[in-house]
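Report on the following structure.
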Amino acid sequence: LPDGAMLKQRALYALLDSVRLHETIYKQAGAVHGCALATNDGDSSEILMFVEDVGRHNAVDAIAGQMWLDRIDGSDKIFYTTGRLTSEMVIKAAQMRIPFLVSRSGLTQMGYEIAQKVGMTMIGRATNKHYLLFTGAARFLA
């Protein structure tokens, strides 16, 4: 993952607020997972892409594919998901070169271990102004 990438708490809060206000299928029908690719601009964050699917991996893969098609560099981005932070989610985010992985849900032990090994900042249980910083504290500025 890229050296020197940092995430400020203000940018995290901006992302969480944007996700909360985003119109989604989940709000209307439930039973879907959402994933977002967002900017990391100092004190702010803006959603670039938002994909919902019944399978969380389908939503992740759709964003990865669009990033590839549009030649979007992930090294300065934040990836948000509603799903658990599993080893597969961490690996996919690392393959996209995204240093910051955020979820409103929890994590798995293997996801945690891989995030630590690759130096990813992994944040879970993120809603409103509450979050748990699991890995990569050196990249996070509260």
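Side notes on the structure shown:
- Selection status of Val90, hydrophobic (A, V, I, L, M, F, W, C), touching a Lys or Arg at 6+ places or on another chain (Cβ under 8 Å) and open to solvent by less than 70 Å² (accessible area, probe 1.4 Å): no
- Which listed residue, of Gly65, Gly106, Gly119, is more than 16 Å from Ala11 (Cβ to Cβ), among the small types (Gly, Ala, Ser), open to solvent by less than 50 Å² (accessible area, probe 1.4 Å) and touching a residue at least 40 places away in the same chain (Cβ under 8 Å): Gly119
- Cβ-Cβ contacts under 9 Å between residues 6 or more apart (or on different chains), taken from a first residue in the range 3-22 that is under 16 Å from Leu101 (Cβ atoms) to a second residue that is part of a helix (DSSP H, G or I) and open to solvent by less than 60 Å² (accessible area, probe 1.4 Å), are listed as Ala5/Arg139; Met6/Arg139; Leu7/Arg139.
- Of residues in the range 45-60 being in contact with a Lys or Arg (Cβ under 9 Å, 6 or more places away or on another chain) and at pLDDT 95 or above, the one nearest to Gly4 (Cα to Cα): Ser45
- Restricting attention to the range 32-59 and to residues that are in a helix (DSSP H, G or I) and of a type outside the set (A, V, I, L, M), the residue that is most open to solvent (accessible area, probe 1.4 Å) turns out to be Asn58.
- Complete set of residues in the range 5-31 that are part of a loop (DSSP other than H, G, I, E, B) and modelled with pLDDT of 90 or more: Ala5, Met6
- Among the residues making up the range 83-97, those that are hydrophobic (A, V, I, L, M, F, W, C) and free of Cβ contacts under 8 Å to residues at least 60 places away in the same chain are Leu85, Met89, Val90, Ile91, Ala93, Met96.
The values are calculated or read from the model by the stated rules, or taken from the named source; none is laboratory data. Please read these numbers as outputs of a predicted model, since none were measured by experiment. Every residue, glycine among them, receives a Cβ derived from its backbone with ideal geometry; neighbour counts consider all protein chains shown. Protein only, heavy atoms only, side chains kept; ligands, DNA and RNA dropped before computing areas. Shrake-Rupley method; radii C 1.70, N 1.55, O 1.52, S 1.80 Å.
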